[in-house]
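Right, one structure below, let's go through it.
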Amino acid sequence: MSEVVIEARKLSKIYKREEFEVRALDNCDIEINKGEFVALMGPSGSGKSTLMHLIAAMDRATSGKIAVLGEDLSQLSDADLARWRNRHIGFIFQQFNLIPVLTAIENVELPLKLTGLKSRERMRQAETALKLVGLDDRLAHFPRQLSGGQEQRVAIARAIATDPDILLADEPTGNLDAQSAKDVMVMLQKLNKDFGKTIIIVTHDRHAAEYATMIRHLEKGELKPEIEYPQA
């Protein structure tokens, strides 16, 4: 029997701007099982990133319930959410979000500094993560010395360094050329297939979405009931 790791029921998020309300997510129901690779697609403003941020405990829902890995996120304090997120979630950003004055291995080590590991062990895990994404020969390079594709691979290494249960990627190929985008998606597919990582990506790119095991569509804050399975 499949293990449900993400379960949302009637999940809504409303942003207030002066006298206006923007309903970014509207009564969303979704279940994602352990080991699935899900692509969230839809036009800009459809609620894709909002849903991802709620799953990542980077924002709180206005109403409804979301449980991730059996944890009701609405019941956690901000401090507990931060600790929970660091233990269980790896997040990959479109803009890479690397620290320019730190080397590749130092960027990957950053989330490990919150784990209580000693420096030598942190560096060993960071090097292992960079090796996994094919950048063990770029450990001492700064972001400015790397291509866009290499920067995104460093970002992936940073996201997996703590061995999170769930990987989330917001437009991971949005700033990449076609070949670099393909390389990144092949890498995410490998993390899903070979390491059993549960992965959710937000993307406008149909080619990127085809690497997932299923595609879900959002429109105007509503998650469509249809599930699309890409061709293997």
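The values are calculated or read from the model by the stated rules, or taken from the named source; none is laboratory data. All figures in this text were calculated on a predicted structure; none of them were measured in a lab. Glycine also receives a Cβ, built like all others from the backbone with ideal geometry; neighbour counts cover every protein chain displayed.
Computed quantities for the displayed model
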| read-out | value |
| --- | --- |
| Residue within the range 144-164 that is within 21 Å of GLU31 (Cα to Cα), within 20 Å of the chain's Cα centre (by Cα) and either among the polar types (S, T, N, Q) or crowded, with 16+ Cβ neighbours inside 10 Å (or both) present | yes |
| Residue in the range 16-43 that is surrounded by the most Cβ atoms within 10 Å (Cβ to Cβ), counting only those that are without any contact (Cβ under 8 Å) to a residue 24 or more places away in the chain and not acidic (Asp, Glu) | VAL22 |
| Matching residues in the range 1-42 - criterion: being under 18 Å from the mean Cα position of the chain (by Cα), at negative phi and not in a strand (DSSP E or B) | LYS34, GLU36 |
| Within the range 62-101, considering residues that are under 13 Å from ILE6 (Cβ atoms) and hydrophobic (A, V, I, L, M, F, W, C), the one surrounded by the fewest Cβ atoms within 10 Å (Cβ to Cβ) | ALA67 |
| Enumerated helices (runs of 4 or more DSSP H) restricted to the range 132-232, each holding at least 3 residues that are free of Cβ contacts under 8 Å to residues at least 12 places away in the same chain | 178-195 |
| Any hit, the range 122-142, residues being buried (at least 19 other Cβ atoms within 10 Å of the Cβ), at pLDDT 95 or above and acidic (Asp, Glu) | yes |
| Output for the range 43-67, where each listed residue is in a loop (DSSP other than H, G, I, E, B) and more than 17 Å from the chain's Cα centre (by Cα) | PRO43, SER44, GLY45, SER46, ALA61, THR62 |
